Amino acid sequence: MTVPNQVQRRVVASQCPLDCPDSCSLDVTLEHGRVVALEGNERNPTTAGFICDKVRAFPRYLEHETRLRHPMIRTGAKGAGEFRQASWDEALERIVAELTTARESAGGESILPLSYGGSNGSLTQDTADLALFRRLGASHLLRTVCAAPTGHAAQGLYGRMPGVAYADYEAAELIVVWGANSQASGIHLVPHIKRARARGTKLVVVDPRRTKLARQADLHLAPRPGTDLPLALAVARWLFENGRADVAFLTEHAAEVELFRERAEPWSLVRAAAECGLAPTDIEAFARTYADASPAVVRCGWGLERNRNGCAAVASVLALPAVAGKFGLRGGGYTLSNGAAFELGAAVDEQPSTTRMINMNQVGRILDDPPSPPIRVLFVYNNNPLATLPDQERLRRGLAREELFTVVFDQVHTDTVDYADVVLPATTFLEHAELRAGYGSYALQASEPVIAPVGEARPNYAVFGELVRKLGLERPGDDFEPAALTARILAGAAPDVRAAVERDGIAFPTFGTSPVQFVDVRPRTRDGKVHLVPDRLEREAAGGFYAYRSDPATDAHPLALISPATKTTISSTFGQFFEGPMPLALHPDDAAARGIADGDRVRAYNELGELVTIAKLDADLRPGVALFPKGVWCKQTENGRTSNALVPDSLSDVGGGACFNDARIEVEKLR
Ligand SMILES: Nc1nc2c(c(=O)[nH]1)N[C@H]1C(S)=C(S)[C@@H](COP(=O)(O)OP(=O)(O)OC[C@H]3O[C@@H](n4cnc5c(=O)[nH]c(N)nc54)[C@H](O)[C@@H]3O)O[C@H]1N2
Ligand SMILES: Nc1nc2c(c(=O)[nH]1)N[C@H]1C(S)=C(S)[C@@H](COP(=O)(O)OP(=O)(O)OC[C@H]3O[C@@H](n4cnc5c(=O)[nH]c(N)nc54)[C@H](O)[C@@H]3O)O[C@H]1N2
Ligand code: SF4
Ligand SMILES: [Mo]
């Protein structure tokens, strides 16, 4: 018997692939084929049944007015955001024609794909897109907007050895959270820190502002942004000088120990303290607490990489557990990214790129002051550059160039979409298949689409696959369907991992989910040792690795602007939900010195641009530091600019990383 109006309700499994270390496993509730709720489940133990509020509200994102539902073609001026609806055929034909003309007239390097893919797994980035752009001979994009400095440091010192699992923080006697804001950007570590604290574990936080965790810490060091390098080297020097270095461990497991000691030598407590704006006694207290505690673990975040010293700063922090001999015990060592926990095969079989390399942090410069050949076709996907890349003014000028043909392939109508010539609508992770390894939690998960695409949205693998065919670039054996891509990726995995993904949709690394460093996992460097001054980094760093570059502040622009993550967005994803002006946070002393009160309209500026918004006084900031978070959409500020209008396109010491927190500004009150 059928019951009239009975709600067809079912719960299906999925995973969250957003750019967050936790990689939650999800239960998605469907009613009549529509998503009505997302919850965390226990399949991925890290999720432990709870997820963040932003993804819990994902049904709103799926159907929001900003969602792109159809291909579109520009009708208004560049940047005006005026389009007419088009068919997929018309949009793709136009793209094919532009790609063909660019390639024939100026060579493949006049084409630039622009993607980061932090919120994408192994099926929606570096599959059909990689095949397309390699076969076109397009310029090669260096994906450096995030994690390039940390990646180089982690690779150089430890060969990206997997880190301490969140749950094992409960075994630590000391937890150091360094340049990470766990309450916002990786929430599943927080309950373990709480439980550890309840049984007496000490907590040290290193952050230029008093975060929620810093407020609870036994010791909060608030260095000036970009000075973690002298701070960590001073701690290393103190360990060596005071007989607290683990000589036996270093002799057996580390290389370039003496050279590293020499690099730390200039940084006495007093000199480092002056550079960092800290008390020498606080640095010493930290060094002593760290030396005394066992097990001791460092959660190293990404806040310390986003500056001129980024790579060496991260390396100097990662060197501490080796110098102090903190490995070999559960709850001892460090955590950074666990993104290399699984060995996986390549989704597509393409030759390495030999074309010119373009650093994504300098795309504005490349478009605005074109090299030869200039970029004629810019293809943006998995990225919202106008909101998230440095030197926003320059990028805006570059995107406005009439002779540039820009495709933006996105799920929603972002700031960047306004500058597109052709817009393509993309599916979300609930509408396409995905395979994703967490970079915090130890899980590799596969998910199937759980709903039909919204409007005419299509997955990346389908659209790029079709472009390959339409351009006549197919090769025998091409198959960009999710099943074939997944099979090729899993062919490179350990047999147990492959079997578990195929059977259960989730797999854990061969070493399990709670490895003890130097017991269950070891450095994956060529000789299995920790390299304290890795050759490659030494060669790449001007002036040698660990050379310190001083603060870029000037008398005209004395305040350091930092732009960390917020709880309500993932980079700029979900930015459309933000209501009301995002304030610029200032320390009360800095505000008072400028006659600025809470709620005043202010102008933050430097030689690159300006940001007009309201001021918020925040005594949790270090004096001299201002904050305007990442992820804000240009559309939502009074003058259509975000922190990135003030961020230089300079690069970190090694790895070509973005220097978001090297923005130096002045702020004035507006009437
Ligand atoms: N909710 C949410 N979660 C996220 C993201 C998000 O946007 N929202 N983004 C994801 C991504 S892409 C990333 S890369 C990670 C980033 O997550 P985190 O590693 O937490 O990085 P940030 O948010 O950039 O900054 C973290 C902290 O570093 C501090 N900081 C700034 N400059 C310095 C410095 O020079 N030294 C030190 N010691 N600290 C400094 C900031 O005040 C901030 O509290 O989070 C991921 N998770
Ligand atoms: N000022 C300042 N700026 C920053 C930072 C900072 O600290 N300060 N942090 C930086 C960091 S850590 C990061 S990681 C970057 C991230 O910057 P972005 O890479 O730009 O990340 P998002 O803003 O999340 O934008 C990703 C876009 O891809 C789209 N997308 C998602 N999935 C798909 C898909 O399957 N197909 C297609 N076609 N599109 C898809 C989303 O809708 C979204 O618009 O931002 C950086 N920007
Ligand atoms: S964004 Fe992070 S915390 Fe939120 S559901 Fe996704 S993985 Fe979990
Ligand atoms: Mo990031």
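The values are calculated or read from the model by the stated rules, or taken from the named source; none is laboratory data. Just so it is clear, the structure is predicted and the values come from calculations on it, not from any experiment. Don't worry about glycine lacking a Cβ; one is built from the backbone with ideal geometry, like all the others, and counts go over all protein chains shown. Keep in mind that these areas ignore ligands, DNA and RNA; they rest on the heavy atoms of the full protein, side chains included. Shrake-Rupley method; radii C 1.70, N 1.55, O 1.52, S 1.80 Å.
Beta bridges per DSSP, both residues in the chain: antiparallel share near 50 percent. 3J(HN,Hα) along the range 358-374: 10, 6, 4, 5, 10, 5, x, 4, 5, 7, 7, 10, x, x, 9, x, x Hz, from the Karplus curve 6.51 cos²θ - 1.76 cosθ + 1.60 with θ = phi - 60°, whole Hz, x for Gly and Pro. The solvent-accessible area of Phe518, taken with every protein chain present and a 1.4 Å probe, is close to 20 Å². Sorting His188, His557 by solvent-accessible area of protein heavy atoms yields His557, His188, largest first, with a 1.4 Å probe. For the range 9-62, the per residue solvent-accessible surface stands at 41 Å², with DNA, RNA and ligands left out and a 1.4 Å probe. The phi-based Karplus calculation (6.51 cos²θ - 1.76 cosθ + 1.60; θ = phi - 60°) puts the 3J(HN,Hα) values of the range 68-82 at 7, 10, 9, x, 9, 10, 5, 10, x, 6, 4, x, 6, x, 9 Hz, whole numbers, x for Gly and Pro.
Per residue Cα convex hull volume for the range 559-669, in cubic angstrom? Walk me through the numbers before you get to the answer.
Working: hull volume 11.5 nm³, N = 111.
That works out to 104 Å³ per residue.
The angle between the Cα long axis of helix 495-504 and the longest principal axis of the Cα atoms of the chain comes to about 60 degrees, rounded to the nearest 10. Less than 25 Å apart at the alpha-carbon level, and either on another chain or at least 8 residues along: which lysines does that give for Lys78? In chain and number order, the partners are Lys630, Lys635. The lysines within cross-link reach of Lys326, meaning a Cα-to-Cα straight distance under 23 Å and a gap of 8 or more places when in the same chain, are Lys194, Lys202, Lys529. Compared with the dominant principal axis of the Cα atoms in the chain, helix 280-292 is inclined by about 90°.
With the simple spin-label model, which puts each label point 7 Å out from Cα in the Cβ direction, the Asp620 to Ala77 separation comes to 4.2 nm. In degrees between 0 and 90, to the nearest 10, how far off the longest principal axis of the chain does helix 310-323 point, with axes built from Cα atoms? Here the helix axis deviates by roughly 50 degrees.
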